[in-house]
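See structure below.
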Amino acid sequence: MRIRPISPERLVVALTDRLVGTPVAGRLRVAVDGPPAADPDVLAEALVDPLRAAGRPVLHVRTTDFLRPASVRLEHGRTNPDSYYLGWFDEVGLRREVLDPAGPDGTGRLLPSLWDAGTDRASRAGYVRLPPGGVVLVSGPLLLGGGLPFDLTVHLVLSAAALRRRTDPEQAWILPAFARYAEEVAPESFADVVVRVDDPRHPALVEAAG
C-alpha cells in the first residue's frame with residue numbers, strides 16, 4: 001500500500017471528483033464511515049457544496065439521526081460497547097427510509113432523520129425528494145460490513161493510539177467496539193477510499209501500490 005499525504009482541501013476536491021465521476025443507475029449512495037474522533041459528519045458536510053456546484057443534488061444523512069430507541073440501545077447499560085457495536089444504530093430504518101429509496105429502483109423519496117435522541121421520540125421529519133443523479137451522503141460509525149447497500153464507501157481510519165488520544169474521555173467506553181470492528185469487519189481492506197486521519201490537519205490517502 002502507498003500512503004499519499006493530502007491537504008484537507010485537496011481531499012474534498014479529490015472525493016468530489018471521485019463521486020461526480022462514479023456512474024450509477026439512479027442516485028449515488030455514499031458511506032462516509034469513521035469513529036466520532038474522525039469526524040465523518042464534518043467531511044460529509046464539506047462535500048455538500050462542491051457536489052452541488054458540480055450540478056449534483058445532495059442529501060446528507062447522519063446516523064446519529066437514525067438511532068434505535070433508548071429502551072433498546074441502553075438495555076444493557078449506557079456504556080456497553082457490545083450494545084454500541086451491535087444495536088446502537090437503526091440500520092433497518094436507514095435502509096428502508098434512505099438507502100433503498102435512493103437505489104436504482106427507488107422512488108427518491110428519502111427521510112433525512114428518523115429519531116431524535118434528545119427527546120427519544122420520532123423526529124417527525126418530512127420526506128424529501130432526491131432526483132436521479134443525486135448523491136446521498138450517509139456519515140457515521142460502523143457503517144460497513146453489515147450489508148447496507150452503498151455504491152461507494154469512504155473509510156476514515158486512525159491508529160489505535162490516535163483513536164484513544166482523540167476520543168473524548170467520556171466516550172472511551174466505545175473504543176472496544178472499534179477494535180472489534182477493525183478485527184471482525186476490517187473495513188480498511190475493502191472500502192473504496194481509505195483516508196488516514198491520525199492528524200486531521202494532515203490526512204493521507206491509502207492507495208494500492210503500483
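Odds and ends about this structure:
- Scanning the stretch 103-144 for residues that are closer than 30 Å to Asp82 by Cβ, aliphatic (A, V, I, L, M) and not in a strand (DSSP E or B) yields Leu111, Leu114, Ala117, Ala125, Leu142, Leu143, Leu144.
Residue by residue, here is whether (1) at positive phi; (2) not β-branched (Val, Ile, Thr) holds:
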site	(1), (2)
Ala54	no, yes
Leu67	no, yes
Asp82	no, yes
Glu97	no, yes
Asp100	no, yes
Thr107	no, no
Leu114	no, yes
Tyr127	no, yes
Gly145	yes, yes
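- Those helices (runs of 4 or more DSSP H) lying entirely in the stretch 1-83 with at least 3 residues aliphatic (A, V, I, L, M), open to solvent by less than 60 Å² (accessible area, probe 1.4 Å) and out of contact with any Ser or Thr (no Cβ under 8 Å at 6 or more places or on another chain): 8-20
- Filter result (surrounded by fewer than 12 Cβ atoms within 10 Å (Cβ to Cβ) and more than 19 Å from Asp151 (Cα to Cα)) within the stretch 123-135: Arg124, Gly126
- Scanning the stretch 144-155 for residues that are of a type in the set (A, V, I, L, M, F, W, C) and over 22 Å from Arg109 (Cβ atoms) yields Leu144, Val154.
- Among the residues of the stretch 166-210, the ones that are surrounded by fewer than 19 Cβ atoms within 10 Å (Cβ to Cβ), among the small types (Gly, Ala, Ser) and within 19 Å of the chain's Cα centre (by Cα) come to 5 in all.
- Check on Thr79, among the hydroxyl-bearing types (Ser, Thr, Tyr) and within 17 Å of Pro112 (Cβ to Cβ): no
- Checking Ala160 against (1) exposed (fewer than 12 other Cβ atoms within 10 Å of the Cβ); (2) at positive phi, the condition it does not meet: (2)
- Within the stretch 151-210, if we keep just the residues that are basic (Lys, Arg) and touching a residue at least 40 places away in the same chain (Cβ under 8 Å), the residue that is farthest from Pro5 (Cα to Cα) turns out to be Arg180.
- When we screen Ala172, Ala161, Ala177 for residues that are touching a helix residue (DSSP H, G or I) at 6+ places or on another chain (Cβ under 9 Å), more than 17 Å from Thr64 (Cα to Cα) and part of a helix (DSSP H, G or I), the only hit is Ala172.
- Test: residue in the stretch 19-30 that is under 19 Å from the mean Cα position of the chain (by Cα) and of a type in the set (Lys, Arg): yes
The values are calculated or read from the model by the stated rules, or taken from the named source; none is laboratory data. Everything numeric in this text was worked out from a predicted model, so none of it was measured. Every residue, glycine as well, gets a Cβ built from its backbone with ideal geometry; the counts of neighbours run over all protein chains shown. In case anyone asks, the SASA skips ligands and DNA or RNA and just uses the protein heavy atoms, side chains included. Shrake-Rupley method; radii C 1.70, N 1.55, O 1.52, S 1.80 Å.
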